[in-house]
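Q: Have a look at the structure that comes next, please.
Throughout, read-outs are computed from the coordinates displayed, never taken from laboratory work. Keep in mind the model is a prediction, meaning the values are calculated, not measured. Neighbour counts run over all protein chains shown; Cβ positions are idealised from the backbone, glycine included.
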Amino acid sequence: DVQMTQSPSYLAASPGESVSISCKASKSINTYLAWYQEKPGKTNKLLIYSGSTLQSGTPSRFSGSGSGTDFTLTIRSLEPEDFAVYYCQQHNEYPLTFGSGTKLEIK
Amino acid sequence: QIQLVQSGPELKKPGESVKISCKASGYTFTDYAMHWVKQAPGKGLKWMGWINTYTGKPTYADDFKGRFVFSLEASASTANLQISNLKNEDTATYFCARERQLYLGYFDYWGQGVMVTVSS
């Protein structure tokens, strides 16, 4: 199985700042990585797929990059609604596997 | 609008069974595969497998073979997850998630999750 290592597990930032979350795969997954946002009281939201393609409705301040084993989710100019938990997920092969999550909190 | 609405929380004893439903609306149910994902308390997400909503064929991840059954009520646009012989470690929130397109492997809509608690 492809192990997904996400870091950091916790991140504190202020509105207006930019942050990056890392996701590393235990073997190459080409560019087949998705990012999701989890917020209390809301269903999980697909942000990015295939490494860098924004899902319809995802604000442009979100961007994804990387290929092979190393990927990054960057959020520029944080908005209050961005404080949430973020998960990466490889969609290159079965079984599909997720990172352990990054909790982004307001500093 | 597209929605996946799951059934309510469950409290069960070890050895019992539970059936969770996921009702889809806003799209043609049989055009998109449905996946199931487990989230144990304080833990991350774990993929359980998926069901082809057109053929009804289920596929299970290795850790979910045996006691777990994916099924459909296609006429009701509903996917079900049944877990038998419940164990304490089955305590978790279970999500259904729609695959954006067959074999793409990522999910564009999720249910709200069902909390299943197994306790004697």
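Q: Starting from residues that are farther than 17 Å from residue B:53 by Cβ and surrounded by 21 or more Cβ atoms within 10 Å (Cβ to Cβ), keep the ones in the range B:75-91 and report whichever is nearest to the other protein chains (Cβ to nearest Cβ).
A: The selected residue is B:83.
Q: For the range A:32-107, which fully contained strands (runs of 3 or more DSSP E) count at least 3 residues that are within 9 Å of another protein chain (Cβ to nearest Cβ) and within 21 Å of residue B:38 (Cα to Cα)?
A: Ranges flagged: A:33-38, A:45-49, A:85-90.
Q: (1) closer than 18 Å to residue A:98 by Cβ; (2) among the basic types (Lys, Arg); (3) surrounded by 13 or more Cβ atoms within 10 Å (Cβ to Cβ): which one isn't true of residue A:27, the others all being true?
A: Just one mismatch for residue A:27, condition (3).
Q: Among the candidates A:54, A:78, single out the residue that is surrounded by 14 or more Cβ atoms within 10 Å (Cβ to Cβ), aliphatic (A, V, I, L, M), without any contact (Cβ under 8 Å) to a residue 40 or more places away in the chain and touching a strand residue (DSSP E or B) at 6+ places or on another chain (Cβ under 7 Å).
A: Testing whether each residue is surrounded by 14 or more Cβ atoms within 10 Å (Cβ to Cβ), aliphatic (A, V, I, L, M), without any contact (Cβ under 8 Å) to a residue 40 or more places away in the chain and touching a strand residue (DSSP E or B) at 6+ places or on another chain (Cβ under 7 Å) leaves just A:54.
Q: Another question, then. Return the residue satisfying two criteria in turn: it lies in the range B:104-120 and is in contact (Cβ under 8 Å) with a residue 60 or more places away in the chain and assigned to a loop (DSSP other than H, G, I, E, B), and of such residues it is farthest from residue B:11 (Cα to Cα).
A: Residue satisfying both the conditions and the ranking: B:111.
Q: Please go through the range B:100-114 and give me each residue that is crowded, with 16+ Cβ neighbours inside 10 Å and more than 9 Å from chain A (Cβ to nearest Cβ), ordered by number.
A: Pass one, the range B:100-114, residues crowded, with 16+ Cβ neighbours inside 10 Å: B:100, B:105-114.
Of everything in the range B:100-114, just one residue is crowded, with 16+ Cβ neighbours inside 10 Å and more than 9 Å from chain A (Cβ to nearest Cβ), namely B:114.
Q: Moving on. Restricting attention to the range B:1-45, which residues are over 30 Å from residue A:6 (Cβ atoms) and of a type in the set (Asp, Glu)?
A: Within the range B:1-45, B:16, B:31 meet the criteria.
Q: Mind telling me which of the residues B:70, B:29, B:95 ends up being closer than 22 Å to residue A:44 by Cα, in contact (Cβ under 8 Å) with a residue 60 or more places away in the chain and not acidic (Asp, Glu)? If you could, list the steps in order and put the result at the bottom.
A: Numbers: B:70 fails: in contact (Cβ under 8 Å) with a residue 60 or more places away in the chain; B:29 fails: in contact (Cβ under 8 Å) with a residue 60 or more places away in the chain.
From the options B:70, B:29, B:95, the qualifying one is B:95.
Q: Within the range B:51-66, restricting attention to residues that are at the interface with another protein chain (Cβ under 9 Å from one of its Cβ atoms) and closer than 23 Å to residue B:117 by Cα, which residue is surrounded by the most Cβ atoms within 10 Å (Cβ to Cβ)?
A: Step one: of the range B:51-66, the residues at the interface with another protein chain (Cβ under 9 Å from one of its Cβ atoms) are B:59, B:61-63.
Still in the running and closer than 23 Å to residue B:117 by Cα: B:61-63.
On the way: B:61: 20, B:62: 8, B:63: 14.
Only one residue tops the list, namely B:61.
Q: Of the conditions (1) assigned to a loop (DSSP other than H, G, I, E, B); (2) more than 10 Å from every other protein chain (Cβ to nearest Cβ), residue B:21 fails just one. Which one is it?
A: Of the numbered conditions (1) assigned to a loop (DSSP other than H, G, I, E, B); (2) more than 10 Å from every other protein chain (Cβ to nearest Cβ), the odd one out for residue B:21 is (1).
Q: Would you check if there is a residue in the range B:67-74 being of a type in the set (A, V, I, L, M) and buried (at least 18 other Cβ atoms within 10 Å of the Cβ)?
A: Yes, there is a match, as at least one residue in the range B:67-74 is of a type in the set (A, V, I, L, M) and buried (at least 18 other Cβ atoms within 10 Å of the Cβ).
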